[in-house]
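This report refers to the structure that appears directly beneath it.
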Amino acid sequence: MPASTPISGGVGPKAQQVAPLRAAVCIGNQGLSAVSGLDTSVLLRYLIQDDQEQANLATKFVETLTEHNKGFIAIIVLIELNWVLQRCYGLEQPAVMGHFENLLRAEEFAIEQQAVVSMAINDTRQHDADFADAIIFQVGKANGCGQPVTFDKGALRVGMRLM
């Protein structure tokens with residue numbers, strides 16, 4: 001897994017490698033023997049390391065993940081994480097997208113609709129678009145929808161149509 005710069009000097013070795021994200025157990029997801037679902041708050045604490053007690057718990061948990069005991073990250077978690085990192089912590093979108101790309105490459109994580117997320121990251125980068133808009137467009141496309149309609153002029157960048 002390629003190295004990535006953690007936001008606040010993450011604690012363990014994985015924190016030095018990836019920008020990762022309340023854990024609930026999901027058994028048998030994506031054909032894996034055991035998968036633990038990760039909530040935005042856990043990944044955020046692991047990444048930011050700003051609440052030491054929660055950060056320590058999140059780091060210990062994330063560092064138990066392996067390619068056979070993956071952490072599942074839902075699309076909505078990525079959308080929330082993107083918003084929090086940009087709005088609350090001041091990260092620029094290219095940095096957040098770089099962290100998301102690292103998550104996609106990490107064997108310890110299973111990303112919901114990974115190909116869709118990858119295309120949304122590309123759309124976000126190529127069109128300087130909002131990540132949530134890119135996800136909406138790509139999820140619709142993957143499900144056979146035509147061009148989504150919107151009132152948001154910014155969403156036109158990823159291929160939506162103005163209502």
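List of remarks:
- Single match in Ala132, Ala142 (criterion: of a type in the set (A, V, I, L, M) and surrounded by 15 or more Cβ atoms within 10 Å (Cβ to Cβ)): Ala132
Residue by residue, here is whether (1) assigned by TED's automatic domain parsing to the domain that holds Thr59; (2) in contact with a Leu (Cβ under 9 Å, 6 or more places away or on another chain); (3) not hydroxyl-bearing (Ser, Thr, Tyr) holds:
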{"position": "Met97", "(1), (2), (3)": "yes, no, yes"}
{"position": "Phe100", "(1), (2), (3)": "yes, yes, yes"}
{"position": "Ala142", "(1), (2), (3)": "no, no, yes"}
{"position": "Pro148", "(1), (2), (3)": "no, no, yes"}
{"position": "Leu156", "(1), (2), (3)": "no, yes, yes"}
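- On inspection, Ala110 passes the criterion of being out of contact with any Pro (no Cβ under 7 Å at 6 or more places or on another chain), more than 23 Å from Asp50 (Cα to Cα) and small (Gly, Ala, Ser).
- Qualifying residue in the stretch 44-64 (condition: among the acidic types (Asp, Glu), within 17 Å of Tyr89 (Cα to Cα) and either modelled with pLDDT under 95 or surrounded by 13 or more Cβ atoms within 10 Å (Cβ to Cβ) (or both)): yes
- Qualifying residue in the stretch 110-119 (condition: closer than 19 Å to Val42 by Cβ and either over 10 Å from the mean Cα position of the chain (by Cα) or among the polar types (S, T, N, Q) (or both)): yes
The values are calculated or read from the model by the stated rules, or taken from the named source; none is laboratory data. Because the structure is predicted, anything quoted here is derived from the model rather than measured. No Cβ is skipped: glycine too gets one built from the backbone with ideal geometry, and neighbour counts run over all protein chains shown.
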